[in-house]
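Step one of this worksheet: look at the structure below.
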Amino acid sequence: MSANLIGLLMEATWQTLYMVAVSAVLGAAFGLPLGVFLATSQRGELLSRPLVNRVLGLVVNAARSVPFIILVVAIIPFTRMIAGTSIGTTAAIVPLTIAAVPFIARLIENAIREVDSGLIEAARAMGATPLQIIRKVLIPEALPSITLGLTLAAVSLIGYSAMVGAVGGEGLGDLGIRYGYQRFMPDVMAVVVIILIVLVQLVQSIGEWIAAKVDKRAPKGRGQ
Amino acid sequence: MSDGKPQGASIVFQAVGKAFNKPDGKQVSAVSDASLTVDSGAITGIIGRSGAGKSTMLRMVNGLERPTSGQVLVGGQDVGAAQGAALRGIRRDVGMIFQHFNLLSSRTVAGNIALPLEVAGVPAAQIKARVADLIDRVGLNAQSNNYPAELSGGQKQRVGIARALATEPKVLLSDEATSALDPETTQTVLTLLKDINRDLGLTILLITHEMAVVRDIASHVAVIEGGKIVEAGKTYDVFTAPQHPTTRSFLSGVTGVTLPAFIKGRMLETRPKGAAKEVLRVTFAGMHATDPMLALLTRDLGIEVNILAGAVEEIGTQPFGNLLISLDADKGVDARAYLEQHGLLTEVLGYVS
Ligand SMILES: Nc1ncnc2c1ncn2[C@@H]1O[C@H](COP(=O)(O)OP(=O)(O)OP(=O)(O)O)[C@@H](O)[C@H]1O
Ligand SMILES: [Mg+2]
């Protein structure tokens, strides 16, 4: 493999990491509050706003049902508005983030819902406000599941990032398609796939390590 | 937080009713027309079967549930009418412990006890000192940096108690706090609650389905059945002279005095023809509990008595005995009159031929 190709591969890896990292962070920044709200705004729950909950739920479902590649194309005007351009790696962060937010929100929602309702009750009995319960009880208690959810989201984003080549986003996926497929260079394709496998493994392992670190519950199987 | 030691507050239920809306639109009444006064500084037990409405009663004291009719007053304040900050203020004056402890798995022992103080906005330095005091009081010094997953059930409940006491409440509510513990651990937790009540003077309202818990620590008891208070009073009075059938059946469990199966199977409600024996429950209250009454009965009236089952125990430091005996049915009237004359209570349970 030529030095030129190796340079391209390194650059593409960097671009993928950049797109995934930024969209994951932005996705978590918007997805966390949205997920917490979805989990706590149903009727009778902490923030009980059933109507808003219903509407937001519909929006989230709608966003999640659009295939990613269609989302990328459909929001090109919006992408141009935000990023100033609709092509390139930075521009690709916009659709990636928009795909990540509802996905992460649902993962967070599930993680929060799993928290034992007895803990909410204990906190209410202490005189905690709903916001204090969210900050001091729900999020810390859900942290292991939240971490695993974010790991899952990051891995999915690595996959999605391969598709943004379609609108001029770069990165490993784009490189694999252009060289490996269109120029018949199976060795490039193979290297791209191997790098992606290593990236996913790495993200997964780090995520699981952090989740285990923050998890102070009794190990499963030993019971309470 | 106040400086001195917290004084208890009284709890008054005034014709309280609570109905829940079920998902199918129907209503289910959990508590109806319940009136009860819980004395300040006393330990009061509410006992009842599963679904009787115990938890609902308790949860109305700190506003986790609102009464649909009537009023619940804590230290004179109407809990059901309180909203927002006022309600949260009342809740800081009312600690609560739970059957399943409800500790945060993500916080250490010290962290869990600190939570109500953080919630109340107490400065960090004060929290630290207060938490150290509380850990000391419940005897968990060696575990202060452990997570709940590393504790035994009894230790977890100690954390729960320390956490409930953190904001120096006037009232402590206990929802089946010992039901998940073994008998020995139950005793140590009950002893801790008794000590706390004595040292801090706070009012303790506990619910349980075990008469033994009431017997061991409560000075007052209320019996709830189908959402209604069917009997209430001093524990000793209720134990020695139960009025309601529900109370009686709870008591037969706790006194451990039940008929042996071979007699129970042969027992008749009405006296059969011919020679028969009368089966009696005799309760010995107060000072009479230690008198040799049956021996006297034999000596004075010449009536022979078979003892079927019996026990003497202590209720609120007073002895209380419960005996099941059988004797010649012809002599039943005389024997009962003699025993009653000497201050014992008798109840005819049935006859065997
Ligand atoms: N949130 C609720 N919604 C609907 N019904 C309820 C609710 N809470 C309690 N109930 C009903 O009210 C009745 C009393 O319940 P409660 O929990 O007070 O009983 P309990 O005496 O504490 O029973 P247990 O010993 O099983 O805890 C039950 O019939 C129960 O089904
Ligand atoms: Mg209950």
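A:V191 meets each of the listed conditions (1) within 16 Å of the chain's Cα centre (by Cα); (2) open to solvent by 20 Å² or more (accessible area, probe 1.4 Å) apart from (1). Evaluated against (1) in a loop (DSSP other than H, G, I, E, B); (2) under 18 Å from A:L46 (Cβ atoms), A:E109 falls short on exactly one condition, (1).
Taken together, the residues in the range B:118-137 that are within 9 Å of chain A (Cβ to nearest Cβ) and either within 31 Å of the chain's Cα centre (by Cα) or in a loop (DSSP other than H, G, I, E, B) (or both) amount to 2. Among the residues in the range A:133-144, are any at pLDDT below 95, open to solvent by less than 20 Å² (accessible area, probe 1.4 Å) and either touching an Asp or Glu at 6+ places or on another chain (Cβ under 7 Å) or of a type outside the set (D, E, K, R) (or both)? The answer is no; no qualifying residue exists. Scanning the range A:109-121 for residues that are in contact (Cβ under 8 Å) with a residue 12 or more places away in the chain and either open to solvent by 20 Å² or more (accessible area, probe 1.4 Å) or under 26 Å from B:A177 (Cβ atoms) (or both) yields A:N110, A:R113, A:E114, A:V115, A:D116, A:L119, A:I120.
If you take the residues of the range B:302-312 that are within 14 Å of B:A329 (Cα to Cα) and of a type in the set (A, V, I, L, M), which of them is most open to solvent (accessible area, probe 1.4 Å)? Result: B:V305. Would you confirm, using the coordinates I've provided, whether B:I207 is within 16 Å of ligand 1 (Cβ to nearest atom) and either modelled with pLDDT of 95 or more or surrounded by 20 or more Cβ atoms within 10 Å (Cβ to Cβ) (or both)? It is true that B:I207 is within 16 Å of ligand 1 (Cβ to nearest atom) and either modelled with pLDDT of 95 or more or surrounded by 20 or more Cβ atoms within 10 Å (Cβ to Cβ) (or both). Candidates are the residues of the range A:8-40 that are over 25 Å from A:V52 (Cα atoms) and aromatic (F, W, Y); the one that is surrounded by the fewest Cβ atoms within 10 Å (Cβ to Cβ) is A:W14. Each residue in the range B:32-54 was checked for being farther than 16 Å from B:T208 by Cα and within 14 Å of ligand 2 (Cβ to nearest atom), and 0 pass.
Those residues that are closer than 15 Å to B:V61 by Cβ and either more than 16 Å from ligand 2 (Cβ to nearest atom) or away from every other protein chain (no Cβ under 13 Å) (or both), I need them from the range B:157-191; list them, please. Hits for the range B:157-191 are B:A164, B:P169, B:K170, B:V171, B:L172.
Just wondering, is there one or more residues in the range A:67-76 that are more than 14 Å from the chain's Cα centre (by Cα), open to solvent by 40 Å² or more (accessible area, probe 1.4 Å) and within 16 Å of A:S156 (Cα to Cα)? For the range A:67-76, residues more than 14 Å from the chain's Cα centre (by Cα), open to solvent by 40 Å² or more (accessible area, probe 1.4 Å) and within 16 Å of A:S156 (Cα to Cα): present. Residue-level check: of (1) at pLDDT 95 or above; (2) away from chain B (no Cβ under 14 Å); (3) surrounded by fewer than 24 Cβ atoms within 10 Å (Cβ to Cβ), A:A162 misses just (1). Note on the range B:2-115: enclosed strands (runs of 3 or more DSSP E) holding 2 or more residues that are open to solvent by 20 Å² or more (accessible area, probe 1.4 Å), under 29 Å from B:Y236 (Cα atoms) and away from ligand 1 (no atom under 16 Å from the Cβ) are B:11-21, B:27-38, B:69-74. Considering the range B:209-262, the residues that are in contact with a helix residue (DSSP H, G or I) (Cβ under 8 Å, 6 or more places away or on another chain) and charged (D, E, K, R) include one that is farthest from B:S326 (Cα to Cα), namely B:E225.
Here the condition is being modelled with pLDDT under 95, open to solvent by 50 Å² or more (accessible area, probe 1.4 Å) and of a type outside the set (F, W, Y); of A:R124, A:R183, it holds for A:R183 alone. B:A295 satisfies every condition listed in (1) without any contact (Cβ under 8 Å) to a residue 60 or more places away in the chain; (2) open to solvent by less than 40 Å² (accessible area, probe 1.4 Å) except (2). Listed by first and then second residue, the pairs linking a residue in the range A:157-185 that is under 20 Å from A:T85 (Cα atoms) to a residue that is of a type in the set (D, E, K, R), with Cβ atoms under 6 Å apart and 6 or more places separating them unless they lie on different chains, are A:G165/A:D174. One residue alone among B:G84, B:G89, B:G63 is closer than 30 Å to B:A180 by Cβ, within 12 Å of chain A (Cβ to nearest Cβ) and more than 16 Å from ligand 2 (Cβ to nearest atom), and that residue is B:G63.
Results for (1) at pLDDT 85 or above; (2) touching a strand residue (DSSP E or B) at 6+ places or on another chain (Cβ under 6 Å), shown as yes or no for each residue.
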residue	(1), (2)
B:L301	yes, no
B:G321	no, yes
B:D328	yes, no
B:K331	yes, no
B:L339	yes, yes
B:L345	no, yes
B:L349	yes, yes
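Determine whether the range B:160-179 contains at least one residue that is part of a strand (DSSP E or B), within 15 Å of the chain's Cα centre (by Cα) and of a type in the set (A, V, I, L, M, F, W, C). For the range B:160-179, residues part of a strand (DSSP E or B), within 15 Å of the chain's Cα centre (by Cα) and of a type in the set (A, V, I, L, M, F, W, C): present.
The values are calculated or read from the model by the stated rules, or taken from the named source; none is laboratory data. Keep in mind the model is a prediction, meaning the values are calculated, not measured. With ideal geometry, Cβ positions are generated from the backbone for all residues, glycine too; neighbour counts draw on all protein chains shown. Just so you know, the surface numbers come from the protein's heavy atoms only, side chains and all, with ligands and any DNA or RNA stripped out. Shrake-Rupley method; radii C 1.70, N 1.55, O 1.52, S 1.80 Å.
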